[in-house]
Structures are given as C-alpha cells and as structure tokens.
C-alpha cells in the first residue's frame, strides 16, 4: 500500500512514525467527516481505535468504500471469542517491527483482493441461479401452453433470446411474468 489513511484519536501511539517507512503517504483522520474526505485517495486504512469502537468504524468506512481495513490492536486482553467484524483484512500489533508491518500491510491488501473476488464470484453465481429459476419456470409455461417438450421449450427460449438480442434469463422472466399476469 502506497497511501494509507490512519484513523486515530491521539497521536501519542507512535504508529504514524513507524508507518512512514512502510508507505509513501499517510493521511490521518479523527472523525468520519475527515475520513470521508480522504478515503477516495488511499490504498488502505489502519484503524488505531479501541475494540469498543472497531465495529462502528468498520461499518462507517465500508459504507464509504470497499478498501483494505486493518486494525492496530493495543488491547491488553481480548475476549476469548472475538467477533472481528465483517471486513477486517488484518491486525497489527505495537510489537511489530517495520518489516513485519510491511508484510502485514501487503498481506492485508492481498486478503482484501481475495475476499473481493470471492464476493464477485458469489454474486455471479447467485445471478446464474436466479436466471436458471426463470428459465425452468418459462420452460414449464411453454410446455403447458404450446404442448411441447422441455428440450423444445429450451430451444424456443434460446432462439427467442438470440432474435431479441437479450439474455435467455431475461426472455424467460418476461414469459413467466406475462403468464402470471394473465393467469394470475
């Protein structure tokens, strides 16, 4: 990460000085308003906040932009069962050396990219499942109305989609919706 947004209330932790060797630019924010103004120009965010405020900051920052989020943990004792939140890509500790911080930042960026790819793949799969449902319903409608087999109904849908230059799922959804409208 070349540019980092550091979320922290106090400047006494010394984290900013240690991060100077890990990235080119460090922006600092104390409030959501300051973070909102800077989030567009950074490659990642490090939250130097207490555990009690971690979830609040995670929610606020991910609502602004999907970006690698790392937490600088300064807690003396953590609960046995930790809910790290929904978008945490890494954890930094005060005992980490500069090379360890660099590796943790790279790992956090990589973790974020991997999670982003998984999310995109999941979304595509969900769309395909939804499209498949429409196609199956449309085949049933066509079989009933036209008295044709499933394979003939599928061929009809495919040809209709090509003729209209639309996706098969869209054509199928139109057929099912019209059928439901008429036969309500």
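When only Cα pairs below 8 angstrom with a gap of at least 6 residues are kept, the chain shows a relative contact order of 16 percent.
Candidate values (i) 0.97; (ii) 1.59; (iii) 1.31 were compared with Cα Rg over 2.2 N^0.38 Å computed on the shown model; the agreeing label is (ii). Neighbour counts of other Cβ atoms within 10 Å put 71, 57 in the fewest-to-most order 57, 71. Please give the Cα centre distance for segment 112-184 versus segment 1-46, rounded to the nearest Å. Their Cα centres are 47 Å away from one another. Scaling against 2.2 N^0.38 Å puts the C-alpha radius of gyration of segment 3-96 at 1.01.
What order do you get for 178, 49 when you list them from fewest to most C-beta neighbours inside 10 Å?
Working: 178 11, 49 19.
Result, fewest neighbours first: 178, 49.
Size descriptors for segment 123-183, from the alpha-carbon set: Rg then Dmax equal 11.2, 35 Å. Can you tell me, using C-alpha contacts under 8 Å and at least 6 residues apart, the relative contact order of segment 22-115 as a whole percent? Taking the mean separation of contacting Cα pairs over the length of segment 22-115, I get 27 percent. Each of 8, 152 was scored by other Cβ atoms within 10 Å of its Cβ. Listed from fewest to most, they are 152, 8.
Read the figures in this text as sums done on the coordinates, not as results from a lab. In this text, all values refer to a predicted model and were calculated from it rather than measured experimentally. No Cβ is skipped: glycine too gets one built from the backbone with ideal geometry, and neighbour counts run over all protein chains shown.
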